[in-house]
Amino acid sequence: MDLRSRHHQLCWYIFAFFILLTGCQNALEPDNNDYTQNPESAYCGAAQATSYSGATTTITGTATFQYRPLVLTSNKGLYGNPVSKGVTYAEVHIVDSSGNTIQCGETDSLGAFSLAVPQVAGTYYVQVFSRSMSSKVKASVLKDIYSALPYSISKQFTISASATSVAIPTPFVASARISEDSDLSGGAFNILADIFWANEFIRGNTSQTSFVADKVSVFWKQGFNPYSYYNAPSVLASFYVASEDRLYILGGKNGDVKASDTDHFDDSVILHEYGHFLEAHYGRSDTPGGSHNGNFIIDPRLAWSEGWANYFQAAVQNNIVYNSSYSGPKKGSSGWTGYVDTVGFGNDSVEGSGSSYGIQINRDLSELNSAAVYDKASTNEGVFREFSISRTLFKSMTNASGIPFAAIWDAFKALRTSSTYKFINFGLYNSILNTTLTSSYSSQGMATWTSVITEENQKKDTSLYGRFIATDGTTSCSEIAMSPVADQSLNYDRSNQLMSNDFYAYYYDGSGKQIVLKSRNSGANIIDMNLYVYSDGYYYSEEIQEAQASFSNSTMVRKSKTLNTGSTNEIEVVDMSGLPAGYYMIDVKASTYGKTSASLNGTANYYLYIGTSSTVTSCLVPQ
């Protein structure tokens, strides 16, 4: 999906819980079509190393990067002096005094490297770049979309005429202090490390022990907000653009990294966005765009996409980055259960503290739904709430008798395997996971998972969203009850997509026919029912949006919306003639805009059928 040409889609990928992204109004142009952009230079790593036949000198050393440590107590956030880690599986060059690359290689898991060059006396440089195309991770962290240059650290050294080895002196480090490195290259290497850890997590917890994800390009610059590429510099965010296959990580604002919101050391944010990349490459996403803040019901397709990414970042950190059992490089050993996003940094002995610093978001994915502050799911709300989805997956996996990540990953990948998997949501995913656990994992963790599903008010099916309907050949149709509720006001009035809408997936065979909604009211109030048909990949529209003179939604391909203020019986008809065969979403929607709870106190009983306003040819029934 092209997130740049459809700006409201891009907003859904922006992970900012306290901001409703209603500022997404600017027209965008695809930066990857901008003639001023340069392609990334060719990679030269271990696979491209040169073999020399004469006398050689072996150059050894260890490259490290600094990151700012996270302190959760008292909401301190990024606090204290930088900490160093080895630069893992990164590209290494040896360059002569004329600027010619004479050898290529890669660091190992601890940042060490060993490269052989001709034994020729002279001055040389070793360079380590913020990218890798190794068997462990494929990623490039680049400065900007125009130069496409990776970050690097460099060290000069000398080879004497008879030297067989040269050890690069320490420290050889990518700094986390802007006073020591104007590029703040430690941020770039921290991003690269997170992507490596994500790949390690998948390798270590599935049967794909040699797994390495497709190459990802990440754009980041210290003090720079990547939303500036989209003419919206006031929106501070990291995001993933599927149409470009790029990650954009927030580097700060107007050159500031000390007091501004930054994400280059926020592992939760980086891994969350990488989770979207994995979703685009190995799972499947139907997310259409829109705002989300973890505090209201949203489109289940968005809820699934964000919920998956929230879960994935926590799973990686719990199993790898902060796991005492992980033998590779890591940041701690105390485990991890949350999502944390910080602002600025504090208590650096060299650079001091920002005027504002601390934790702006801290969500615990291990908490009970009943205790949740954000996305506490009431009855049947689970698939509409992103954090409930995140908690469900995280708790189901981390429980001692829980389900294995391998099953979660297999079900995730299975979303790509069938053309009939439409309108991707957590209920659909759970139905696949249920089959996967039963057929391939001997129901391992099934009891735990089922318990969490119940506790989080989730479903293992599509009964609440995207359930297929089809004709059954009968003409006596069973009624379905709807008791709508008043809109929730969050910057604008939002229809409750669970209580005031029923969404049905429908395959239309292309033969001209009419879909009819017949409803009757029970109770003192009149519930005005309407019928919408959306195309696959649709954008849901609110009634307040429809009321605007400039309203346009090309994915709303048919609707029947007659005003009913006095009749207890109502008929809405849409003619499908002229539409191509394919999958559509039928939305049976109560008109709730501008209405109070008191005026909506009642029930509408409805059914759908193929026919005319007066004749039922065949009932449409949920499958």
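Side notes on the structure shown:
- Boolean, His281 is surrounded by fewer than 23 Cβ atoms within 10 Å (Cβ to Cβ), assigned by TED's automatic domain parsing to the domain that holds Gly187 and not in a loop (DSSP other than H, G, I, E, B): yes
- Check on Ser599, assigned to a loop (DSSP other than H, G, I, E, B) and among the polar types (S, T, N, Q): no
- On inspection, Glu543 passes the criterion of being of a type in the set (Asp, Glu) and out of contact with any helix residue (DSSP H, G or I) (no Cβ under 9 Å at 6 or more places or on another chain).
- Matching residues in region 304-326 - criterion: being assigned to a helix (DSSP H, G or I) and either more than 10 Å from the chain's Cα centre (by Cα) or not assigned by TED's automatic domain parsing to the domain that holds Ala280 (or both): Ala314, Ala315, Val316, Gln317, Asn318, Asn319, Ile320, Val321
- Evaluation of Ser519 against the conditions (1) closer than 21 Å to Ile298 by Cα; (2) touching a residue at least 60 places away in the same chain (Cβ under 8 Å); (3) assigned to a strand (DSSP E or B); (4) of a type in the set (Gly, Ala, Ser) shows that the sole unmet condition is (1).
- Set Ser243, Ser268, Ser217, Ser228: member being farther than 30 Å from Asn553 by Cβ and out of contact with any helix residue (DSSP H, G or I) (no Cβ under 8 Å at 6 or more places or on another chain): Ser217
- Of everything in region 100-137 that is in a loop (DSSP other than H, G, I, E, B) and within 18 Å of Tyr43 (Cβ to Cβ), the residue that is nearest to the chain's Cα centre (by Cα) is Val137.
- Set Leu517, Leu531, Leu490: member being of a type in the set (A, V, I, L, M, F, W, C), under 34 Å from the mean Cα position of the chain (by Cα) and either buried (at least 18 other Cβ atoms within 10 Å of the Cβ) or within 17 Å of Leu620 (Cβ to Cβ) (or both): Leu531
- The listed residues are Glu386, Glu381, and the only one of them that is surrounded by 22 or more Cβ atoms within 10 Å (Cβ to Cβ), out of contact with any Phe, Trp or Tyr (no Cβ under 9 Å at 6 or more places or on another chain) and closer than 19 Å to Gly466 by Cβ turns out to be Glu381.
- For region 438-486, a tally of residues being of a type in the set (A, V, I, L, M, F, W, C) and touching an Asp or Glu at 6+ places or on another chain (Cβ under 8 Å) returns 2.
- Among residues of region 93-111, those that are loosely packed, with under 14 Cβ neighbours inside 10 Å and closer than 15 Å to Lys155 by Cβ, counted: 1
- Of all the residues in region 44-68, those that are in contact with a Leu (Cβ under 7 Å, 6 or more places away or on another chain) and either within 30 Å of Ser355 (Cβ to Cβ) or among the basic types (Lys, Arg) (or both) number 1.
- Selection status of Ser431, without any contact (Cβ under 8 Å) to a residue 60 or more places away in the chain and assigned to a strand (DSSP E or B): no
- Complete set of residues in region 169-195 that are among the β-branched types (Val, Ile, Thr), crowded, with 18+ Cβ neighbours inside 10 Å and either touching a helix residue (DSSP H, G or I) at 6+ places or on another chain (Cβ under 8 Å) or under 21 Å from Ile94 (Cα atoms) (or both): Val173, Ile191, Ile195
- Sole residue being in contact (Cβ under 8 Å) with a residue 40 or more places away in the chain and farther than 24 Å from Leu428 by Cα, chosen from Ser560, Ser550, Ser489: Ser560
- Filtered residues of region 254-272 (kept if touching a strand residue (DSSP E or B) at 6+ places or on another chain (Cβ under 7 Å) and in a strand (DSSP E or B)): Asp261
- Filter pass, Ala447 being among the hydrophobic types (A, V, I, L, M, F, W, C), outside any loop (DSSP other than H, G, I, E, B) and surrounded by fewer than 18 Cβ atoms within 10 Å (Cβ to Cβ): yes
- Within region 56-71, not a single residue is of a type in the set (A, V, I, L, M), surrounded by fewer than 20 Cβ atoms within 10 Å (Cβ to Cβ) and either in contact with a helix residue (DSSP H, G or I) (Cβ under 6 Å, 6 or more places away or on another chain) or touching a residue at least 12 places away in the same chain (Cβ under 8 Å) (or both).
- Considering residues of region 225-251 that are surrounded by fewer than 23 Cβ atoms within 10 Å (Cβ to Cβ), within 30 Å of Ser134 (Cβ to Cβ) and not charged (D, E, K, R) only, the residue modelled with the highest pLDDT: Tyr229
- The single condition among (1) within 19 Å of Ala49 (Cβ to Cβ); (2) hydroxyl-bearing (Ser, Thr, Tyr); (3) touching a Ser or Thr at 6+ places or on another chain (Cβ under 7 Å) that Tyr146 does not satisfy is (1).
- Any chance Leu563 is more than 32 Å from the chain's Cα centre (by Cα) and crowded, with 16+ Cβ neighbours inside 10 Å: no
- Test: residue in region 342-359 that is in a helix (DSSP H, G or I) and surrounded by 21 or more Cβ atoms within 10 Å (Cβ to Cβ): no
The values are calculated or read from the model by the stated rules, or taken from the named source; none is laboratory data. From a predicted model like this one, the values you see are computed outputs, not experimental measurements. Because the Cβ atoms are built from the backbone with ideal geometry, glycine has one as well, and the counts that use them run over all protein chains shown.
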